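Heads up: the structure comes next, in structure tokens.
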Amino acid sequence: MPLSPPAPRRHYHTRAIEAQGFRRDDGMWDIEAHIRDTKAYEYEEFYRGTMPPGRPVHDMSLRLTLDDDMIVRGVEAVTDEAPYMPCREVAPNFQSLLGLRVGAGWRNEVRRRLGGIKGCTHMVELLDVMATVAFQTTAGGTEPANRAVNQDWGADGKRPFFLNGCHSWAVSSSVVRDQLPQFYQPADTAKTGE
């Protein structure tokens, strides 16, 4: 269902984010993300001068290489367009992610290592998206043909990490009742803060 028709308006800004996940031939995973900001009007910048409509304000890319344990084994950060020359200087700082595991605590640790003047706001934001894409890419094994729509989540008796992570996966939801009945709890007894 699309959004309702908008009120009369004028387009000012577009932020496009694309993120992709790949299985490498060497057995590692590459997670890539790209962010591009554009304005729909001409404006003046201090360093770059006149910026025509559609010229990128920001055009930045990141690649994380992960092993099967979701440990960052490689990082590449590139700034092709930015409003300030020093923006390009932070790329080496992203190497501080080497050895970090994508999982619980990722966002806080990324901000500890790359927050504020140590990083780039826009590329740090991409790292949140990349973590989600990493899970979507690696879940279910290495061969697409062997991936089932419904995984054997919880078959080992361990509670899947995503329970209570969103409305549909609340332990009191019909989704959990139908797909993971061993973890289902009626609403009046469910602990949703876990």
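Every read-out reported here was derived from the displayed coordinates using simple, explicitly stated rules and does not represent laboratory data. None of the values given here were measured: they were computed from a predicted structure. Cβ coordinates were reconstructed from backbone atoms using ideal geometry, including for glycine residues, and neighbour counts include every protein chain displayed.
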note = Sites removed, the longest contiguous part of the chain containing no DSSP-loop trypsin sites (Lys or Arg not before Pro) with at most 14 other Cβ within 10 Å is 49-146
remark   = Dividing the helical contributions, -39500 (n - 2.57) per DSSP H run of n ≥ 4, by the residues of the chain yields a 222 nm value, nearest 500 deg cm²/dmol, of -5000 deg cm²/dmol
message = Between segment 110-142 and segment 49-79, how far is it from one alpha carbon centroid to the other, in angstrom?
response = 11
ask   = How big is the convex hull of the Cα atoms of the chain, per residue, in Å³?
value = 187
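Just in segment 9-68: which GluC sites (Glu not before Pro) are loop by DSSP and have at most 16 other Cβ atoms within 10 Å?
Glu42
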request  = Any chance you could give the angle, 0 to 90 degrees and rounded to 10, that helix 121-138 forms with the longest Cα principal axis of the chain?
outcome  = 30
ask   = Using a Gaussian network model of the chain with C-alpha springs under 10 Å, which one of Gly99, Gly54, Gly165 is most mobile by mean-square fluctuation?
value = Gly165
remark   = Once both label points are put 7 Å beyond Cα along the C-beta direction, the Arg9-Asp178 separation in nm becomes 3.4
inquiry  = Debye calculation, C-alpha points only, no solvent: report log10 I(q)/I(0) for segment 63-144 at q = 0.11, 0.12, 0.25 Å⁻¹, in the same order as the q values.
reply    = -0.30, -0.35, -1.28
request  = Compute the signed sum of charges (Lys and Arg +1, Asp and Glu -1) over the other residues within less than 9 Å, Cβ to Cβ, of Ala33.
outcome  = -1
Pairwise FRET efficiency - Arg88 versus Phe161, Cβ, R0 = 41 Å, nearest 0.05 = 0.65
